[in-house]
Protein chains: 2
Amino acid sequence: MVLCRVPRWSVGLWASPGWWRTTCTLRALVRPKRGPGCPGGASGPLACSMFSKVSSCTPEVMLTQERYPVQRLPFSVVSEEDLAAFERLVPGRVVTDPEELEVSNVDWLRTARGCSKVLLRPRTSEEVSRILRYCHERNLAVNPQGGNTGLVGGSVPVFDEIILSTALMNQVTSFNSVSGILTCQAGCVLEGLSRYVQERDFVMPLDLGAKGSCHIGGNVATNAGGLRFLRYGSLHGTVLGLEVVLADGTVLDCLTSLRKDNTGYDLKQLFIGSEGTLGVITAVSILCPPRPKAVNVAFLDLDTGSDLEMSMLARLARCFLESNLASCPGFAEVLQTFSTCRGMLGEILSAFEFMDAECMQLVQQHLHLASPVQESAFYLLVETSGSSTGHDAEKLGCFLEQVLGSGLVTDGTVATDESKAQALWALRERITEALSRDGYVYKYDVSLPVERLYDLVTDLRARLGSQARRVVGYGHLGDGNLHLNVTVDAFSAALLDTLEPYVYAWTAGQRGSVSAEHGLGFRKRDALRYSKPPPAVQLMQQLKALLDPKGILNPYKLLPTQA
Amino acid sequence: MVLCRVPRWSVGLWASPGWWRTTCTLRALVRPKRGPGCPGGASGPLACSMFSKVSSCTPEVMLTQERYPVQRLPFSVVSEEDLAAFERLVPGRVVTDPEELEVSNVDWLRTARGCSKVLLRPRTSEEVSRILRYCHERNLAVNPQGGNTGLVGGSVPVFDEIILSTALMNQVTSFNSVSGILTCQAGCVLEGLSRYVQERDFVMPLDLGAKGSCHIGGNVATNAGGLRFLRYGSLHGTVLGLEVVLADGTVLDCLTSLRKDNTGYDLKQLFIGSEGTLGVITAVSILCPPRPKAVNVAFLDLDTGSDLEMSMLARLARCFLESNLASCPGFAEVLQTFSTCRGMLGEILSAFEFMDAECMQLVQQHLHLASPVQESAFYLLVETSGSSTGHDAEKLGCFLEQVLGSGLVTDGTVATDESKAQALWALRERITEALSRDGYVYKYDVSLPVERLYDLVTDLRARLGSQARRVVGYGHLGDGNLHLNVTVDAFSAALLDTLEPYVYAWTAGQRGSVSAEHGLGFRKRDALRYSKPPPAVQLMQQLKALLDPKGILNPYKLLPTQA
């Protein structure tokens, strides 16, 4: 019996946007099966065993090496001697049980599967250093793994890489309540950190759907964007320091807790978004903004005009959200609403999310969520966070009057209590889940100039016609970030050829990014050249060669197969 | 007759904080003098000529190579053939006139002087590329130069490096009024860009005293901090793209205009803060926040209590500043006031600056500025920028009532009109100028944990006793950034020995940064090891070797003499 953990989406109450997500699920898996391409032979403790699910509703995940054309690089194969050495380095924390390994070999989208035979659970940077020094000497490949919530196959092994888990490196080192600077180990779960700093009247500068599982080290390694990006910006700005263990075991201590530090090259930046290919992040220092205090949950009804339910405010004194869902007749109106919104809500605007009609249909059909507004081509979710209840309510009210009065928005609802706010966020947050229930999903996560953001969806819908079940677009409009998803009954290589490189070339034509926030991982690595010119790709390869000359860190990821 | 330009501090009216600064000055220089250590011989057009001033009040600037123990590296010497080649590459824009060169050979603090014999003024990235390709082949050293407003000797040659000026690369390429993303050439002056985006209802995310001279390329190359850092954060977060020409002439195009882009390593980050040693930044894409609209200028009088002068508001509808100067009895109160301020002003807080009593005496004595508050140990300047006049006034009023009522602040004044706001900002902004009139200045710019920020000043004052004229501390408290300055009658090597490495070691003892925002340049490069451990310094050297194997870019800067 094998347990397969899927990411634990946050179920925290009212702690932050996106609290209403799917709960932690444990799925039973049986039926061992041999992985044909795995080195190590078929017998003994190191034999590569694969597992598939009993449940007929969840199809078996193909081995990555079978689904994709990829060749194993000439790394060493883990031996009994290696296992004994690891046992000396991290006693009692060497996992070789195939059932336990299963959850770390398969990514949560269930489209990538490695066949690693050992997982190590260090507790300290020194242990990580010793492990990497050993692997470097032995030429053993390593797959650093946090919460395993990545969407591009970057967080699981491709072949038999050793999985280096940060799960036990989960201690908060320090928190400064004047500066709001948190220092912690890389394996701290984001949701736990959120709770920790909120108790001290601060918030984490990032929040994302997978917060219940994802590790802060993984967030930094993948330069996670998420729901607070519009307000607090990139991790390149909010991460103040990192401790990183390099491929040869060298500990690079750049773990300063300073807002400003212009002493030499800002080395930590190299590792933010490097997806574990340049070093293993073991500790993070990050700037937490003060927790917004204001509560405004206003209600807007198109028939009766704006009506601020100020009586609700006292009761909600501990929350800081406004959630406003509005419908827009066209994408031009979406853009105009965004400009108006930013002008009128200014510094309190914290999210501006959009979703199209297909998204609404998906969450209605598969998750039975109810739409609180009339049918429309586009829906918007606007959130504000501020320091004054009354001020924020007033600003939001003026904005809503303006956009409804001018006809930019045709209908709207504003959460008047916690559960309604949760329900509004769920409509946006659970699209990913609804998509996964619609069939096989081709996922794209692109950055485009905001004016062209939706053109790619329209264009692709026309191009695919009846080949696709659905072509849907949603995302973080304020960040110019489109999540484009195509659903079909089952994976089809022919459709993939229709989609790629078309989507990438279209994006490149707008000087967009073929991966806005998901990274490249294993699946998107060959798309890199659509967003970066040859000299940039070459420099990336030189950096990889400099920092990891044997290429043992997260191989087959991020950098293209051929330059 | 030689003209020496000092940086043009902004004199723009009411455009941003810090508008009231010294005006542009042109100083006459004569008396040619030979630079003894300059290669190239004493005769002919390439002879190295030094100049000193007529004015007795401004002492001659010693050659860097004479004041400091530094050896010229074996770069080639610019020949007549090189000059002819440059003339072909940038026709009519090859400057060899010694008088014209003077202003680019001397830094504005007048403590560093090179003896470059040629300055090139390219207009395009392609021209920069051709120049660097040529210099790389010929092994000629290059000093990239923007507005030459640096404070650590990083912006001028140490010996005879070719000066590569970005002054003619001053075109705005594009501005997106929906996203607020500006793309421009590296030589655009910050003040001009500020004006440009303000006319379009946005602001630049950075502002600093030298805005009238400094170039955006230089700002990025030095990772400038400045006055808006507290609100908009680091350039590592706000710079979205860079075009950089590498040492061998390769053009690295990372000039995307996207808020999110996770395709491969974020190469542009390498060049932010690299002080021209890894590549020459030729174009910048940067995210501009919406221009705050709100006006609140409130007046607070300790005797009569808080009184918000709301009648002023309509008249000032186009400005967005609140300036509040308050006095605090001790540093503990300063810290408590900061915590209170951040809690109560929240998202509208845009500056929290502090200065000690010595600073106030300096600006009174040398600049004849009047203090609007009673004498105190510390003074605070608080600025807010927001989107609503009334809301911001109310928040500020509540805050002031709180801190005055609780005794944290003993006196205060709030600007009621433009000129008073200017006068308040001038007290903080013109400290640097007042210092330079007090004698020779030993300047330190450190980051420390906020709790210990002022201890270094107190400690050093006790240590130096009568050896120093003044030991003063001021800076960006909200950023944990202390500007520590020691003034004396004239430079003394003995005093320098008392100061260094003491100040650096003290800072290192707190895990602080020995250069918060000024960078290392030439003068602070050997202090690097106090803030970065050996593996980090070694990796920096490896990066330098990778990107500039011949070391021709801004040599003698940033990296220590010996690792």
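The values are calculated or read from the model by the stated rules, or taken from the named source; none is laboratory data. This is a predicted model, so every value here is computed, not measured. Note: ideal-geometry Cβ built from the backbone for every residue, glycine included; neighbour counts use all protein chains shown. Calculation scope for accessible area: heavy atoms of the full protein, side chains included, ligands and nucleic acids excluded. Shrake-Rupley method; radii C 1.70, N 1.55, O 1.52, S 1.80 Å.
So the values come out like this:
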| quantity | calculated |
| --- | --- |
| Scan of region B:453-468 for residues that are loosely packed, with under 15 Cβ neighbours inside 10 Å and either touching a strand residue (DSSP E or B) at 6+ places or on another chain (Cβ under 6 Å) or of a type in the set (Ser, Thr, Tyr) (or both), ordered by number | B:Thr458, B:Ser466 |
| Lone qualifier among B:Pro91, B:Pro122 - being modelled with pLDDT of 95 or more, in a loop (DSSP other than H, G, I, E, B) and surrounded by 19 or more Cβ atoms within 10 Å (Cβ to Cβ) | B:Pro122 |
| A:Glu347 vs. criteria in a helix (DSSP H, G or I), at pLDDT 85 or above, closer than 27 Å to B:Lys293 by Cα and acidic (Asp, Glu) | yes |
| Tally, over region A:224-258, of residues that are part of a loop (DSSP other than H, G, I, E, B), of a type outside the set (S, T, N, Q) and within 22 Å of A:Leu477 (Cβ to Cβ) | 6 |
| Odd one out for B:Leu206 among (1) away from chain A (no Cβ under 14 Å); (2) open to solvent by less than 10 Å² (accessible area, probe 1.4 Å) | (1) |
| Selection status of A:Gly473, part of a strand (DSSP E or B), of a type in the set (Gly, Ala, Ser), touching a residue at least 24 places away in the same chain (Cβ under 8 Å) and open to solvent by less than 30 Å² (accessible area, probe 1.4 Å) | yes |
| A:Thr250 more than 26 Å from B:Gly180 (Cβ to Cβ), in contact (Cβ under 8 Å) with a residue 40 or more places away in the chain and within 7 Å of another protein chain (Cβ to nearest Cβ) | yes |
| Residue tally, condition assigned to a loop (DSSP other than H, G, I, E, B), more than 19 Å from B:Leu335 (Cα to Cα) and either away from chain A (no Cβ under 14 Å) or among the hydrophobic types (A, V, I, L, M, F, W, C) (or both), over region B:376-408 | 0 |
| Residues satisfying the stated conditions in region A:347-368, i.e. within 11 Å of chain B (Cβ to nearest Cβ) and open to solvent by less than 20 Å² (accessible area, probe 1.4 Å) | A:Ile348, A:Leu349, A:Ser350 |
| Qualifying residue in region B:125-138 (condition: of a type outside the set (Gly, Ala, Ser), more than 21 Å from B:Leu252 (Cα to Cα) and modelled with pLDDT of 95 or more) | yes |
| The lone exception for B:His476 - which of (1) at pLDDT below 95; (2) more than 10 Å from chain A (Cβ to nearest Cβ); (3) out of contact with any Gly (no Cβ under 6 Å at 6 or more places or on another chain) it fails | (2) |
| Sole exception among (1) of a type in the set (Ser, Thr, Tyr); (2) open to solvent by 20 Å² or more (accessible area, probe 1.4 Å); (3) facing chain B (nearest Cβ under 9 Å) for A:Thr561, by number | (3) |
| Residue within region A:419-434 that is in contact with an Asp or Glu (Cβ under 8 Å, 6 or more places away or on another chain) and modelled with pLDDT of 85 or more present | yes |
| Failed item, numbered, when B:Asp497 is tested on (1) in contact (Cβ under 8 Å) with a residue 24 or more places away in the chain; (2) open to solvent by 10 Å² or more (accessible area, probe 1.4 Å) | (1) |
| Members of region A:174-199 found to be away from chain B (no Cβ under 12 Å), farther than 29 Å from A:Leu520 by Cβ and open to solvent by 10 Å² or more (accessible area, probe 1.4 Å), listed by number | A:Phe175, A:Arg195, A:Tyr196, A:Gln198, A:Glu199 |
| Flag for A:Asp392 being closer than 30 Å to A:Ala490 by Cβ and either open to solvent by less than 10 Å² (accessible area, probe 1.4 Å) or within 29 Å of the chain's Cα centre (by Cα) (or both) | no |
| Residue tally, condition more than 8 Å from every other protein chain (Cβ to nearest Cβ) and either in a loop (DSSP other than H, G, I, E, B) or buried (at least 24 other Cβ atoms within 10 Å of the Cβ) (or both), over region A:267-292 | 15 |
| Hey, A:Gly264 surrounded by 24 or more Cβ atoms within 10 Å (Cβ to Cβ), in a loop (DSSP other than H, G, I, E, B) and more than 9 Å from chain B (Cβ to nearest Cβ) or not | no |
| In region A:449-470, the residues that are outside any helix (DSSP H, G or I), of a type in the set (Ser, Thr, Tyr) and more than 14 Å from chain B (Cβ to nearest Cβ) | none |
| Residue check, B:Glu81 open to solvent by 20 Å² or more (accessible area, probe 1.4 Å) and among the acidic types (Asp, Glu) | yes |
| Test: A:Val156 is modelled with pLDDT of 95 or more, surrounded by 24 or more Cβ atoms within 10 Å (Cβ to Cβ) and assigned to a helix (DSSP H, G or I) | no |
| Qualifying residue in region B:448-465 (condition: polar (S, T, N, Q) and in contact (Cβ under 8 Å) with a residue 12 or more places away in the chain) | no |
| Hits in region A:498-553 (condition: among the acidic types (Asp, Glu) and within 9 Å of chain B (Cβ to nearest Cβ)) | A:Glu517 |
| Residues that are more than 9 Å from chain B (Cβ to nearest Cβ) and assigned to a loop (DSSP other than H, G, I, E, B), drawn from region A:209-223 | A:Ser213, A:Cys214 |
| Residues (open to solvent by less than 50 Å² (accessible area, probe 1.4 Å) and either aliphatic (A, V, I, L, M) or in contact with a Pro (Cβ under 9 Å, 6 or more places away or on another chain) (or both)) located in region A:511-529 | A:Gly512, A:Val514, A:Ala516, A:Leu520, A:Arg525, A:Ala527, A:Leu528 |
| Residue in region B:481-491 that is part of a helix (DSSP H, G or I) and either open to solvent by 20 Å² or more (accessible area, probe 1.4 Å) or free of Cβ contacts under 8 Å to residues at least 12 places away in the same chain (or both) present | no |
| For B:Val77: the one exception among (1) within 25 Å of B:Thr222 (Cβ to Cβ); (2) in a loop (DSSP other than H, G, I, E, B); (3) of a type outside the set (Lys, Arg); (4) more than 26 Å from the chain's Cα centre (by Cα) | (1) |
